Each structure stands twice: as structure tokens, then as C-alpha cells.
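Beneath this line is the structure, given in C-alpha cells, with notes to follow.
The values are calculated or read from the model by the stated rules, or taken from the named source; none is laboratory data. Note that this is a predicted model, so its numbers are computed, not measured. All Cβ positions, even for glycine, are placed from backbone atoms using ideal geometry, and neighbour counts span all protein chains on display. Side chains included, ligands, DNA and RNA excluded: accessible areas come from the protein's heavy atoms. Shrake-Rupley method; radii C 1.70, N 1.55, O 1.52, S 1.80 Å.
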Amino acid sequence: MEMSEKATFGENDHKRETICIFGTGDFGRSLGMRLLQSGHPVIFGSRNPQNSTLLPSGAQVLTHAEALKECKIIFLALHRENYDFLLALSNLLDGKVLVDVSNNLRMNQYPESNAQYLSQLLPKAIVVKGFNTVSAWALQSGSLDASNQVFVCGDDDKSKQQVMDVARSLGLTPLDRGSLQAAKEIENYPLQLFPMWRLPLAIAFGLTVFFFVYCVVIDVIHPYVTKNSDVSYKLAISVPNRIFPNVSLILLSLVYLPGVIAAFIQLQRGTKYKRFPDWLDRWMLCRKQLGLVALAYAFLHVLYTFIIPTRISVRWRWIHSMIEESKLGHVTLLLCTAHAALFGWNRFLQSKWYRWGLPQAYMLGIVIPCVVLVLKLIQITPCVDRKIIRIRQGWERIPKTKQALV
Ligand code: NAP
């Protein structure tokens, strides 16, 4: 390498690893700029090194073969359709870490994921999938707050960790999704519409339908059948205003339930260094969205409470609704559950409130919150809490088989 080229790297050479990027298109340029800002020396590999324009200053541009010699990690900012030219470089790629950032135009476009295809094409290279969920625009503008999570997967743990370290150095949060088998799911991810909102919205919809049918049966159909009284006007305001607080409260408790479950799983395993089951991972990832949907329902409850020509006494519900999504967390859940329980405390034991043997909607609505609160209560007892804190600080229970060896 020329002396002048070395000088362009600046003084951070020894601090951060040199990263190679194949492809000087939108993604390659944005990633290069971000890497340079984070102190990584960057070398682009391009078909036309002389004609490459708009590249971030401080980066080198070489031919693919030349660029390869300088780095261990190579980001392929290329489309899958252009991977074939890499075959000619297969000897030079032996043992190198290739980061596949590619996306497809539609879900399941190819039988195998792009990353698996690349791995089959170049069996001696180590393929890691990642960064495909971050857009070139987000990398360039730095507005990563909403989408700073990057999913990473690969069969070689050491290389995967290296790529995750690069992600961290860019201010991203890498999430290890396991082996290269997960690449297909990761590639489909950007093509899904609001993926994190699907589950919360589906749960909210399911609960809304359930409580609607339930409230109609006991508040509208029951009086009609037993007393021939037509109270269908309740469908407009009274029934929705029973649905909203119940759904809101259940959603709020579903925000905290996965955290409590995770703590018990860690307690049972005696370590934090094991992956949670996939369903729990997914649930935890959409807690923010669950909380926001809960807030929306609480807001509707407030709105409806003020629409109804209310007794002043019921307006105090508003206070509780307003704090549902505040940082008070479990205290909020406790207050809201207490509010619902107090609202009908004298009805629990009176049979007249059980129409056709069915409990009132709010009684159902507080079941899950009560479960969460009881589990949380167990969790914060000093002996359990102490153990969870130790596990989360890295302590591990030695398995009995290992104890015997010691
Ligand atoms: P792009 O602007 O079209 O750039 C692709 C680059 O590939 C070209 O600039 C070119 O670089 C190189 N190339 C083109 N034809 C080639 C060939 N026949 N042989 C070898 N190299 C060739 O695309 P992009 O938007 O940067 O996307 C690149 C990859 O990143 C894609 O797989 C995409 O799915 C993924 N991605 C993009 C974004 C985004 O926001 N753009 C976000 C996430 C993931 P040279 O001329 O220097 O060789």
C-alpha cells in the first residue's frame, strides 16, 4: 500500500478495524460514511475505482481484489443478482467474513435466503447476515432512534460477534437471531408492514371483539330476554366504554407480563446466558407497541367518560387513565387494577350481577392484571429479588453434574 493511502486513514487506525465495502451505491456510501464517523478506516471495492464519485471523504476505493487484501470483514452492498462475480475471487475470500446486507423485492422471492445462497456460492468464506433492516437514509441522516435494532445471524459465533461489535460501534443495537437458517426471516422482515404492530393490534382487536360480544350479551340481550326492555341505545356509548378500560388494562398488563416470565425463566435456569424462547423474544420486542395501544384505549375511555352525561364521581377514573402509560409502570398497573376492582367491589358477591351466570366484563378484565401483579409480588420478595439481581449481574448456577466434578 502507498504511503499516501495510509495517511488518509488518520490516527484511528489502531483503534478500529478496517472495514471493506463492496459496492459504491446508496447503501455502501451511507454505511461507509457512518463507519468513518465511528473511526473505522473504510476501503471500497468497486468495478470502477477511478470513476467512483460521491464517496465519503477519507475512504479509499480500490478494485475488489485489492480491497480484499486489506480487510477481514467485507460488507457486500450489492444485490444478490450480482453475487456471481465473487466466484472469481473465491481464493482471496477464503476465511473472510462476508456480511450480506441484501433485501429482496418480495417475500420468499427465492427458495433459499440470499445469505445461504452466498454461503453455498463461497463455502470457504464465512457469511453473516445483518444490517438489512437499516435503510441507507437512516444511516446517513443518523435518525436511527426508531429503528436502531439490527438482526444478525450466522453459523460462526466469533465472526458474528465481530459483526455485532461493528454494529455497536455505529450506535446500533445488534440482536443475535442465531444461525444462518434465520436469514430468510430476517430478509422478509423489511417487507412486512409494521411488523412490530401486528401482534399488539391483533391482540387488541381480539379482545375488543370478545368484550363487545360479552357486553352485548349481558348488558343488551339479557335485559331484552328477561325483562323485554330494549336498551340497545347502550351500544353507542355505554358498551364501548366498558370495552375500552378492560382492553386497556389487559394490554397494560401484557406489557409487564413477559418481563415477569423472563425473570422466572432466568431463576429456573440459574443463568442469564441462555436465549429465551422465540415467542417470549417476540413478545418482549413489541412491548412498546402494546403500551401505546393500551394508551390509545385508555384515551378513548377518557373521551367516552366525558361524553356520557356523567356523575361527577366517575370522573376520577380519568386520573387513572392518564397515568396508564407513564413511567410509573407496575404502580400504574396496580392503581388501574385497584380502580377496576373498587369500581365493582360490592358486585362480586351478589348473584344479581351475574347475568346468565356470567361475571361482569370488568371482572374478566382484571384477571390477567391480577396474575401479573401476584407474579410481580413474588418476584420482589427479598429472597427471590436478590437471586434475580445476581443472575442479571452475570452469576450462574453451576449444574449438579459440574458440581460433582468440582
Ligand atoms: P445500488 O445503489 O444499486 O448499489 C449497488 C452497487 O452494486 C452498485 O453501486 C455497484 O457498485 C455494484 N454493482 C452493480 N452491478 C454490479 C455487478 N454486475 N457486479 C458487481 N457489482 C455490481 O443498491 P443499494 O441501494 O446500495 O443496495 C445494495 C444492497 O443493500 C442491496 O442488496 C439492498 O437490498 C441492500 N440494502 C439497501 C438498503 C437501502 O436503503 N438502499 C437498505 C438495506 C439493505 P460499483 O459500481 O462500485 O461496483
Consider only pairs whose beta carbons are under 6 Å apart and that are at least six residues apart or on different chains; among these, list those whose first residue lies in region 182-200 and is part of a helix (DSSP H, G or I) and open to solvent by 40 Å² or more (accessible area, probe 1.4 Å) and whose second residue is at pLDDT 85 or above and among the small types (G, A, S). K184/S113
Please determine, by comparing only the residues of region 206-254 that are in a loop (DSSP other than H, G, I, E, B) and in contact with a helix residue (DSSP H, G or I) (Cβ under 8 Å, 6 or more places away or on another chain), which one is least open to solvent (accessible area, probe 1.4 Å). V239
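From L118, L172, L98, L180, grab the single residue that is in the same structural domain as L36 (by TED's automatic domain parsing) and at pLDDT below 95.
From the options L118, L172, L98, L180, the qualifying one is L172.
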Could you list, ordered by first residue, the pairs with Cβ atoms under 7 Å in which the first is in region 72-93 and touching a residue at least 12 places away in the same chain (Cβ under 8 Å) and among the β-branched types (V, I, T) and the second is open to solvent by 50 Å² or more (accessible area, probe 1.4 Å) and more than 14 Å from the ligand (Cβ to nearest atom), at least 6 apart or interchain? I73/E17
Please enumerate the residues belonging to region 344-368 that are surrounded by fewer than 16 Cβ atoms within 10 Å (Cβ to Cβ) and among the hydroxyl-bearing types (S, T, Y). S351, Y354
Restricting attention to region 257-304, and to residues there that are assigned to a helix (DSSP H, G or I) and among the basic types (K, R), which single residue is surrounded by the most Cβ atoms within 10 Å (Cβ to Cβ)? R287
Scan region 41-57 residue by residue and report those that are more than 9 Å from the ligand (Cβ to nearest atom), assigned to a loop (DSSP other than H, G, I, E, B) and surrounded by fewer than 17 Cβ atoms within 10 Å (Cβ to Cβ). T53, L54, S57
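Tally up the residues in region 328-343 that are in a loop (DSSP other than H, G, I, E, B), open to solvent by 20 Å² or more (accessible area, probe 1.4 Å) and touching a residue at least 24 places away in the same chain (Cβ under 8 Å), please. So that I can check it myself, show each step before the final result.
The first filter runs over region 328-343 and keeps only residues in a loop (DSSP other than H, G, I, E, B), leaving 328-329.
If we keep only those that are open to solvent by 20 Å² or more (accessible area, probe 1.4 Å) too, we end up with 328.
Within this subset, residues satisfying the condition of being touching a residue at least 24 places away in the same chain (Cβ under 8 Å) are none.
Qualifying residue count, region 328-343: 0.
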Considering region 347-406 alone, what residues qualify as being modelled with pLDDT under 85 and of a type in the set (S, T, Y)? S351, Y354, Y362, T401
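Just the residues that are open to solvent by 10 Å² or more (accessible area, probe 1.4 Å) and within 9 Å of the ligand (Cβ to nearest atom), please, taken from region 24-33. Break it down stepwise before answering.
Quick first cut of region 24-33, residues open to solvent by 10 Å² or more (accessible area, probe 1.4 Å) only: 24-27, 29, 33.
Residues satisfying the conditions are T24, G25, D26, F27, R29.
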